[in-house]
Every structure is written in structure tokens, then in C-alpha cells.
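Novice: Got a structure for you, questions after.
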């Protein structure tokens, strides 16, 4: 009797796992299929394959949705802000983690409080105006760098703690200055955490929607998220085009996700488990 | 060796400066402006004392509804994501499940899409007449279950919270799995030898050892929930009426109306709430009290 119970339990467990995976994936499958259908067929949203594969949907979307320019805008914002974050955060994490006393300790808690504290977007407008950064690409890049610094610092701080201090001592005995120590000795050892930060911050910037909504009112400077939102508003009844647009927005992050999978999962668990 | 010379503080200067200028200053400035009548229609800014806060907290203002919604959203999504994430993690670490890694990857995958895109996907899936869900229910003959998911006043908030759980539970699952894998299998072996059942093992081994992870997850979910914006903006934009309005959608609404003082007041209210929780948040991130 116990054995049959166990087998039933195992089958049930597998069925539940499959059902949940289906619930998660079905919306994405429907979306994918819809992106190849004709407008009429797409309006009866079903899981059936398209009668005729309309690859030209994608062409229409790229032309009408101004996707090329917003794609490159998004890439520009993500790459440059992530570069800034990686550089300033590794330098900061290095000195703070090695000497967590006095002003360094204060700076650390001051910065990581930003992981939780909300940004005041209304007053931020005032600050950006004062700095003449409203509606500029450089402004949005600096802004993205700033908001991603806290979590990145927290992760990098934990990582540098795992690099043995003896390395520093050996380097100093060999006559290294602080900047040489950091650039020549420590920086090359940071590759794993830099990859994690790159993937996590890239996805966070690429997926962000709030900052351009508040601070970019010129559609030529919009990244993908805002472009797709606008497209959705204009073509709400052409589900096939909307679906193609969404798929194109998803593609880059999916690619980064697939390439950087181990870094994401590593970063996610390092951030919450090891602390 | 002189630590201060070897690790000069100004290496942290650039990060601190950027954060100070674009995150901290707006926070403080915002609190200052919340005591004024700052708006887009007049150049003058006058001090008005606590008038904005009174408008938020006095009587039956719509702002109270937004604050209530934010709290409801935070509590419900935190509980749902934790429960689903924990259950999925437990299920997908069992050896008898086939294709464990495949399931994990699928369930995690919504995490990589933006909240905005997830919102748009479900806005099309849940469309009352052409959406996939209602089509599917009708094809099963369950016409009664086909609802106006995003326009019916009683349905809309549960729908929004469910969609948010759909997107967020995979992340929680991955975090819990990492926690589960760090538990030494010897505990379970010893318990099995003593004849412990699955649930006994869960209560006496898994749960206590997962406590720091669970605290962490709660903190993550609560800070996300309080600040939620994208998901609600793209699914319902706070509507119908103000049924799903939360603090951050209200901030944007006031901002676009030019009612800047009220926007910054609402934002400051949120700031104070998180500030009150900040000590616990940072403590839980470091969780020195328990070492797994």
C-alpha cells in the first residue's frame, strides 16, 4: 500500500510541476505564435499554429514602431551606465571592504540604504533641471548608473571579502601603490563579480520604464520599453503587431539571460543567501 | 602597514557622489518641497506647513485609498510569492521530478522580462473579448468563468496581484533553492534514520535553516511591493477609476498634472515608511544572527 501511495505522489508531483511550467510559459507561447499571424487570426487568440507564417509583421513593426533607434538608445543607456557602475563600484567596494571603518563604514551604509529607499522622482526632476540633464542621454545614463550603484556595491563588497588580504600585503611588499594595487592586482580577480553585475545591471536598465517616462519627452531618445508601450497604445487592436513588438523587446534580454544564466543565478543567490 | 593610506577613502568617492547627487539629494529636497505649494502653474513657491500631509491623511481622501492599496498589494503579493516560491523550490529539489532544471528555467524566465512587458502581455491575454484566457475558458464551455479581468471593479486588484505573482515567484523560487542546496544533506539522512516523515523534516530542519533566506525574501518582496509602479501602470494605469491606484502611480499622476508638491509629498510618505523599516532591511541583508 505505501508503495502505491509513493508512486501516486511522485506522479502527482511531476504533473503539478508540468502544470505550473505550462501556466508560466503559455502566455509567452501565445505571444510568439500571435506575432506570426494575420491581424484577423491574431484577434482570436488561441494556441493554434498560424495558417500562414507572416514574417513581414516584424518588418512592419520595426519600421512603424521606430524600433531601430529605440533599440540603439536602450543599448547605449545600458552599456554606458553599466560601465560606469562597474568601475565606480569596484573601486568603492575594494577600499570599503578592506578597511570597513570610519568614513568608509559610513559611506557603505549610506549607499546601500539606496537598495530599499524609493527615489523621489518629482524632486529628482528639479535636480536634473539644475544640472541641465533633463531630456538628455547623458542625464539618463548617469541616472541609471546612480540607481544601480547600491545593490551592485552590496554584491561587490561581499565578493571582495572573499579575496585573501595576503595578496595585498605581498603586492605592497613588492612596492605597489594603492592605485597599482587596485588596477594590476585586484581588478583582474574581480572578473566573476563584474560579469554578475554586468548581467544584472544590464537587465535592470534595459527593462526600466520609469526614468524615460519621467525624464525623456522626446521619442527619438526613448529606449525599447517606452517605445513598445507607446506602440501598444497606438496599435491595441493589431495583436499580431503588438506581439511582434513585444517579442523584439524581449529578445535582447533573453539573449543576455541565456548567455549569462549562471551569473544571474549566482548573483541572485549571493545577494540573498550569503549576504 | 597603514590601512588608511593603502585603501584611500576617495576610491569610494565617485560611487558616493553619484548616489548622493541623484538619489539622496532628491529625497531630501523632496521632503523640503512637501511643505510647499510647488506646482507647474506659478513661479512662486510658498511655504504651506503640513497642508499637503493633512490633505493626504485627513478625511476620506483618495490618497488614503492609494496608501491602503499599496499596503494591500505589498502584503498579498509578499505572501503569495513566498508561498508559491517555497512550494516550487521544495517540489523542484525532489529527486523524483523529471527535467527539474528545465522546469526551474521556465518558471524563472518571466523574471528577465520587464514589468512593463509582462503587464502588456497580460493586458492582451486578459482582454475580455479577444483575450486568450477567456477564449480558452469558453472553448471548455466555462462561459461563466470568463470575466472582465481588468475592468471589473471586484476582479481587477486580485488579477493584478496574481499577474505580479506570476512574474515574481520564479525569482523567489531560485533564491529558496539556493538556500535549500546549502543545507547539509546529513541532517536529512539522520532524520530519516530516526524515522521522520517529510513534514517533520520540513518543520524541524528545512524551515529553521531557511529562516534567514525567508527573512531576506520578505524584505525583498516588501520593498518591491511598496515601490511598485511599472506593473500597475502598464496593466491598468491605476484604473478602473482609482481601484488599483498605488502610491507611485499617484505620484506620476500628480506629476503629470503639474501638481508637484502633492507628488513629492506622496513620495516622501513612502520614503518615511521605508526609512522606518530600513534598520531591519539592512540587518536582514547582513543577517549576522544566523549563519547557515
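Only the coordinates and a few stated rules stand behind these numbers; no lab work does. Predicted, not measured: the structure shown is a model, and the values here were computed from it. Neighbour counts run over all protein chains shown; Cβ positions are idealised from the backbone, glycine included.
Novice: What list do you get for A:18, A:125 if you sort them by fewest beta carbons within 10 Å?
Specialist: If I rank by nearby Cβ atoms, fewest first, I get A:18, A:125.
Novice: Separate question: Please work out the ratio of the alpha-carbon Rg of chain A to 2.2 N^0.38 Å and round it to two decimals.
Specialist: 1.28
Novice: What is the percent of Cα-Cα separations in the protein assembly as shown that go past 34 Å?
Specialist: Result: 44 percent of Cα pairs exceed 34 Å.
Novice: Counting alpha carbon pairs within less than 8 Å and at least 6 residues apart, what relative contact order, in whole percent, applies to segment B:150-292?
Specialist: Computed over segment B:150-292, the figure is 26 percent.
Novice: Still on this structure: Once you wrap a convex hull around the alpha carbon atoms of segment A:140-275, what is its projected area averaged over all directions, in nm²?
Specialist: Taking a quarter of the hull surface, the average projection is 10.7 nm².
Novice: Given contacts defined as C-alpha pairs under 8 Å and at least six residues apart, what's the relative contact order of segment B:27-286, whole-number percent?
Specialist: 32
Novice: Oh, and also: Dividing the Cα convex hull volume of chain B by residue count, how many Å³ per residue is that?
Specialist: 216
Novice: With viscosity set to 1.567 mPa s and temperature to 4 °C, compute the Stokes-Einstein D of segment B:106-257, Rh being the Kirkwood radius across alpha carbon pairs; µm²/s, no decimals.
Specialist: 71
Novice: Between 0 and 90 degrees, rounded to the nearest ten: what's the tilt of helix A:2-34 against the longest Cα principal axis of chain A?
Specialist: So the helix axis and the longest Cα principal axis differ by about 80 degrees.
Novice: Now a separate question. Taking every eigenvalue of the Cα gyration tensor of segment A:75-193, multiplying by 5 and rooting it, what semi-axes result, largest first, whole Å?
Specialist: Semi-axes from the Cα gyration tensor: 31, 16, 12 Å.
Novice: Here's a follow-up. On average, how many beta carbons from a partner chain sit within 10 Å of the beta carbon of a residue in B:118-128?
Specialist: 5
Novice: Here is a follow-up. How large is the convex hull of the C-alpha atoms of segment B:145-224 per residue, in Å³?
Specialist: 129
Novice: Just want the ordering: A:152, B:182, B:34, from fewest to most Cβ atoms lying within 10 Å of their own Cβ.
Specialist: B:182, B:34, A:152
Novice: At 222 nm, what helix-only mean residue ellipticity would the protein assembly as shown give, in deg cm²/dmol to the nearest 500, using -39500 (n - 2.57) for each DSSP H run of four or more?
Specialist: Taking each H run of at least 4 residues, the total per residue is -22000 deg cm²/dmol.
Novice: Hey, another quick one. Could you tell me how many cubic angstrom of Cα convex hull volume segment B:22-161 has per residue?
Specialist: With only Cα atoms used, segment B:22-161 gives 212 Å³ per residue.
Novice: Relative contact order (percent) for segment A:1-133, with alpha-carbon contacts under 8 angstrom and 6 or more residues of separation?
Specialist: Rounded, it is 11 percent for segment A:1-133.
Novice: Using Cβ counts within 10 Å as a stand-in for footprinting exposure, how do B:127, A:132 rank, fewest first?
Specialist: The fewest-first ordering by Cβ neighbours comes to A:132, B:127.
Novice: Along its principal axes, what span do the Cα atoms of segment A:1-40 show, with the longest given first and each in whole Å?
Specialist: Ordered largest first, segment A:1-40 gives principal extents of 56, 14, 10 Å.
Novice: So if I restrict to the alpha-carbon atoms in segment A:1-97, what is the Rg, and what is Dmax, the biggest pairwise distance, in Å?
Specialist: In order Rg, Dmax, the Cα atoms of segment A:1-97 give 23.8, 65 Å.
Novice: If you don't mind, there's one more thing I want to ask. Report the residues of segment A:210-243 in range of a label on residue B:130: point 7 Å along Cα→C-beta, backbone N strictly under 19 Å from it.
Specialist: A:228-243
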